[in-house]
1. Given a Förster radius of 25 Å and the C-beta distance between residue 75 and residue 141 as r, what FRET efficiency does 1/(1 + (r/R0)^6) yield to the nearest 0.05?
2. Quick one: work out the % antiparallel among DSSP beta bridges in the chain, nearest 5.
3. May I ask you to list the aspartates and glutamates whose Cα is less than 13 Å away from that of residue 79, ignoring any residue fewer than eight positions away on the same chain?
4. Counting Lys +1, Arg +1, Asp -1, Glu -1, what net charge surrounds residue 23 among other residues with beta carbon under 13 Å of its beta carbon?
5. Could you tell me which residue out of 53, 10, 27 lies farthest along the dipole of the range 6-53 toward its positive end? Charges go on the beta carbon: Lys and Arg +1, Asp and Glu -1, centred on the Cα centre.
6. To the nearest Å, what is the center-to-center distance of the range 9-54 and the range 97-141, using C-alpha atoms only?
7. Provide the net charge surrounding residue 121, with neighbours chosen by a C-beta distance below 15 Å and charges set as Lys +1, Arg +1, Asp -1, Glu -1.
8. Ignoring ligands, DNA and RNA, what accessible area per residue does the range 50-99 give at 1.4 Å, in Å²?
Amino acid sequence: MSIIADEGSLIIYFSLTGNTKSAAEKLQKKTGAAIYQLQPEKPYPTDYNGIVAAGEKEKDNQIHPKLGGNLPDFNQYSKIYVGYPTWWSQPPMIIHSLFEQGNFTGKEVVAFSTSASTPLADTVDVIQKLAKENGATFVVE
């Protein structure tokens, strides 16, 4: 994989345990992209069982949690890297919230995920669909 430094890029990531944050920071060092940590308005529980219960409830009920804080201005970026942990072979529902609340029109979207057992390929269909529905192009790097 060849990543070229591009200051017209933004890394947006969601991380609860720090694994995705670490991956996002490594990607930032390679690309020179701006970086933003996605947060829900209502924080997730901090214990493992609580996180699992909250994430499963969102997934089963298609709940897209409201984002906390303001997203960066997407107008200055042509490429947006979206990073997330893989939950139940898909991105967490907060990633759906990101695509609903951010303006991805005309952007290139590159996904990256962290998981102990699930490859990125298992989540690609969801991200491709979200990108397409929101006027972006999904790019594989």
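The values are calculated or read from the model by the stated rules, or taken from the named source; none is laboratory data. Worth saying up front: this structure is predicted, and the values here are computed from it rather than measured. Positions of Cβ are generated from backbone atoms using ideal geometry, with glycine treated the same way; all protein chains shown enter the neighbour counts. Remember, those area values only see protein heavy atoms, side chains included, never the ligands or the DNA or RNA. Shrake-Rupley method; radii C 1.70, N 1.55, O 1.52, S 1.80 Å.
1. Rounded to the nearest 0.05, the efficiency is 0.65.
2. 15 percent
3. Within the straight-line limit of under 13 Å, residue 79 reaches these aspartates and glutamates: 6, 7, 108, 141.
4. +3
5. 27
6. The distance from the Cα centre of the range 9-54 to that of the range 97-141 comes to 15 Å.
7. -2
8. Value for the range 50-99: 42 Å² per residue.
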